[in-house]
Amino acid sequence: MKETNYYKQRQEGYENVLQEIKGNTQNRSEFENMMKERMHHWWANWKPDYEGWLKCADSLYSRECMIDAIGAEPQVYKDYRASMKLQRDAFDMDMGPIETCVVEGDTISFNYKMYMTPKADHGKMKKGQTITLKVCEFNTFDEVGGYHKPMVVHLQLIASEL
């Protein structure tokens with residue numbers, strides 16, 4: 001995998017979060033720190049290819065996770081996986097670093113930029129011309145049976161083109 005500047009920035013962000021958590025500089029609960037570490041670890045290891053993404057995503061989202069992201073209706077995680085396959089077939093993707101992050105209770109919210117480059121013309125989107133989206137995510141975590149770490153049980157993703 002080609003390491004982009006965004007990949008390096010995501011890695012740096014994760015290292016900074018580890019230091020923050022180690023000192024508990026934000027006076028968060030253990031659960032809140034665990035959520036933040038898990039999300040930033042996942043973000044640092046995000047993969048642009050579908051199979052790589054699955055390996056990361058399967059460790060973060062519970063099977064029962066409800067995802068409001070692609071399409072008009074929420075999807076359970078298994079259906080979201082199929083939607084992501086279609087998206088990865090149609091676009092090359094990269095994710096910028098997490099820009100702002102708020103953790104409270106069982107929810108972590110953060111924003112970032114997503115870069116999508118169509119592999120073929122799609123209406124006003126032209127092959128090879130990258131579009132930039134501003135994205136905000138709200139991820140709710142819970143303890144899920146059979147897993148040794150809290151998992152995302154609800155994701156709400158809001159995106160708009162810059």
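The values are calculated or read from the model by the stated rules, or taken from the named source; none is laboratory data. Just so it is clear, the structure is predicted and the values come from calculations on it, not from any experiment. Cβ placement follows ideal geometry from the backbone for every residue including glycine, while neighbour counts extend to all protein chains displayed.
Each residue in the stretch 118-129 was checked for being of a type outside the set (A, V, I, L, M, F, W, C), modelled with pLDDT under 95 and either buried (at least 17 other Cβ atoms within 10 Å of the Cβ) or touching a Phe, Trp or Tyr at 6+ places or on another chain (Cβ under 9 Å) (or both), and 1 pass.
Quickly run through the stretch 142-153 and pick out the residues that are touching a strand residue (DSSP E or B) at 6+ places or on another chain (Cβ under 6 Å) and either under 21 Å from I98 (Cβ atoms) or not in a loop (DSSP other than H, G, I, E, B) (or both). I'd like the intermediate steps shown before the answer.
Here is the first cut: in the stretch 142-153, the ones touching a strand residue (DSSP E or B) at 6+ places or on another chain (Cβ under 6 Å) are 142, 144, 150-153.
Passing the criteria: D142, P150, M151, V152, V153.
Out of V144, V152, I need the residue that is buried (at least 16 other Cβ atoms within 10 Å of the Cβ) and either modelled with pLDDT of 95 or more or of a type in the set (F, W, Y) (or both). Which one?
Working: V144 fails: either modelled with pLDDT of 95 or more or of a type in the set (F, W, Y) (or both).
Testing whether each residue is buried (at least 16 other Cβ atoms within 10 Å of the Cβ) and either modelled with pLDDT of 95 or more or of a type in the set (F, W, Y) (or both) leaves just V152.
Does at least one position in the stretch 63-79 carry a residue that is more than 18 Å from F138 (Cα to Cα), in a helix (DSSP H, G or I) and either in contact with an Asp or Glu (Cβ under 9 Å, 6 or more places away or on another chain) or of a type in the set (S, T, Y) (or both)?
no
Of the set (1) of a type outside the set (S, T, N, Q); (2) in contact (Cβ under 8 Å) with a residue 40 or more places away in the chain; (3) assigned to a helix (DSSP H, G or I), all apply to Y115 but (3).
Out of A57, A69, report the one residue that is small (G, A, S), surrounded by 15 or more Cβ atoms within 10 Å (Cβ to Cβ), at pLDDT below 95 and touching a strand residue (DSSP E or B) at 6+ places or on another chain (Cβ under 7 Å).
Just one listed residue meets the conditions, A69.
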